[in-house]
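> Structure in C-alpha cells, see below.
Please treat every number below as a calculation from the coordinates, not as lab data. Since the model is a prediction, treat every value here as computed from it, not as a measurement. With ideal geometry, Cβ positions are generated from the backbone for all residues, glycine too; neighbour counts draw on all protein chains shown.
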Amino acid sequence: MDYSKKIAERQWNLPDKGELESRREETYIDDIIQKDHIQRKLLERLDGIRTVFDGGAGSGRFSILLAKLGCRVTHFDISQPMIDKAKELAAAEGVLDRMTFVKGALEELGDYADRSFDLVMSFDAPVSYTYPHQNRVIGELARIARKRIMISVSSRLGSLPYLCNPVQKNQFILNESADDPFVQWCVANRENAIQAFRFDLRRAEQVLADGLLGGQREIEEYEAGKAPWCITYTFLPDELARVLQGFGVQNIALSGPGAYGRTLPREILVKLMSDADQRRDFLDFCYRFDSNPYVCGLGKDNLLATGDII
Ligand SMILES: C[S@@+](CC[C@H](N)C(=O)[O-])C[C@H]1O[C@@H](n2cnc3c(N)ncnc32)[C@H](O)[C@@H]1O
C-alpha cells in the first residue's frame, strides 16, 4: 500500500500547503530550531559537494540554500503545489538555472543511476511517510549518493511524549495571533484538548513496540475521508544506524534537533526568540546539545543521520 501517495493526495497537494510550509520558521519555534540545526549540519561539510538530490524537498528550504551556494540541485517532491512554491522562491533568489524540479515519489527512484549525486538529502521525515517501504527507500537514497547522505526521519522516542501531550504544538507557537489556520486551531482548542485527554497506555506501548503512528483505525477514518493523515513510521536511533550501515553508509552520526528546546516552556522560548543576541546564543547551544548522540532519540519530531559513502 502506498500511503505516502494517499497522504499527498489529501495533505501535501492542498493548494496553500507550499505557502504555509514556506512560512513555518515565521510561525513555529520548533521549526526554527530544527531547520537551523539541519542548515548547520549541511554547511559544516559541503567540501566536494557539487551535485545534490533533495528528496521531499518541499518549498525549497534546503534545496534553494544549496543552489545559492553554487550546487546543482535536483528538487524532488511528490506534491505539485510544493514544487510550484519552491520554483517561485528559487526564481526570487535567482537560482532557477541551477535547479531541476521533478515531481515524483521516493518509492520510485529507479530512473536514477547508482552514485548520481555527490550529496543525497531528505529532511523532515519524507522517508517516514513511505511506510511500509521506508527501509527500501533509504537503500535507494544511499544507492544514488556518491559521497554523502543526510536524512531526517520521524523519531520514535521523540514522538512518544506526544501521546501524553495533546497540546504539544502550543509550546512552540511564536505568535498566537498569527494568521495561520493551524495556529488558530491550536489556540482555540487548547482547553478542550486538555479536558478531553486520557493517557492511552496500550497505544503508547504499541508505538514503542512497532513504531507506527497511525494504524488500522486511522486508515479506515482516512478512507472514509475523515482524517488528513493515515500512517507514519518512526525510527529508533540504533535501528536507523543499522539500516544505513546495511546499505554501506559509513561514519554515521545521529542527532536530535529540538531535544534541548523541548524542555522549555513557551514563555521562555518566545522571550529567547525575540532578542537577537539571546536567540543566536540559544540556537548555538541547541545545536551543540542536540548533536550529542546520547540525546538524539529525544529530538522533537526528527532523528537526523549523516553518513559517508566510501
Ligand atoms: C515536512 S515537508 C519537508 C520539506 C523539506 N524537506 C524541509 O525540510 O523543509 C515533507 C515533504 O515531503 C514530501 N513527500 C511526502 N511523501 C513523499 C514521497 N513519498 N515522495 C516524495 N516526496 C514526498 C511532501 O510533499 C512535503 O513537501
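> Could you compute the longest span of the chain free of trypsin sites (Lys or Arg not before Pro) located in DSSP loops and having at most 11 other Cβ atoms within 10 Å, not counting the site residues? Can you show the working numbers first?
Values: sites that count: Arg198, Lys226.
Between the exposed loop sites, the longest stretch runs 1-197.
> Mind sorting Met82, Met273 by how few other Cβ atoms lie within 10 Å of their own Cβ, fewest first?
Numbers: Met82 27, Met273 17.
With the sparsest Cβ surroundings first, the list reads Met273, Met82.
> Taking Cα centroids, how far is segment 232-270 from segment 72-141 in Å?
Answer, in whole Å: 21.
> Shifting gears a bit: Please arrange Tyr162, Tyr260 by how many other C-beta atoms lie within 10 Å of their C-beta, fewest to most. Before the final figure, lay out each step's value.
Details: Tyr162 15, Tyr260 21.
The fewest-first ordering by Cβ neighbours comes to Tyr162, Tyr260.
> Now a separate question. Need the full-extension length gain, Glu239 to Ala227, defined as separation in residues times 0.36 nm minus the C-alpha distance. One decimal, nm. Intermediate results must be reported in sequence, preceding the final value.
Values: separation 12, 0.36 × 12 = 4.32 nm, distance 2.90 nm.
Taking 0.36 nm per residue and subtracting the Cα distance, the gain is 1.4 nm.
> Tell me the relative contact order for the chain as a rounded percent, counting alpha carbon contacts under 8 Å between residues six or more apart.
Working: 564 pairs, mean separation 63.4, N = 310.
The normalised contact order for the chain reaches 20 percent.
> On to the next question. Lys and Arg at +1, Asp and Glu at -1: add these up for the other residues within a Cβ distance under 11 Å of Pro126 and post the number.
Numbers: positive: none; negative: Asp54, Asp77, Glu107, Asp124.
Result for the neighbourhood of Pro126: -4.
> Looking at the chain, what % of the alpha carbon pairs are farther apart than 33 Å?
Working: 9637 of 47895 pairs.
Considering the chain, 20 percent of its Cα-Cα pairs are separated by more than 33 Å.
> Asp281 versus Ile252, label points 7 Å from Cα toward the beta carbon: distance in nm?
Here the answer is 3.7 nm between the modelled labels.
> Compute the signed sum of charges (Lys and Arg +1, Asp and Glu -1) over the other residues within less than 12 Å, Cβ to Cβ, of Cys286. The partial results should precede the final answer.
Numbers: positive: Lys35, Arg40, Arg262, Arg279, Arg280, Arg288, Lys300; negative: Asp30, Asp36, Asp281, Asp284, Asp290.
Charge balance near Cys286 sits at +2.
> In addition: How do Tyr131, Tyr287 rank when sorted from fewest to most other Cβ atoms within 10 Å of their own Cβ?
Values: Tyr131 23, Tyr287 19.
With the fewest neighbours first, Tyr131, Tyr287 line up as Tyr287, Tyr131.
> For Lys68, list the lysines whose Cα falls under 24 Å from its own Cα; do not include residues on the same chain fewer than 8 positions away.
Once the sequence-local lysines are set aside, what remains near Lys68 is Lys17, Lys35, Lys41, Lys85, Lys87, Lys103, Lys147.
> While we're on this one: Under 14 Å from the Cβ of Cys71, count the other residues' Cβ atoms, weight Lys and Arg +1, Asp and Glu -1, and hand me the total.
Counting the neighbours of Cys71, the net charge comes to +3.
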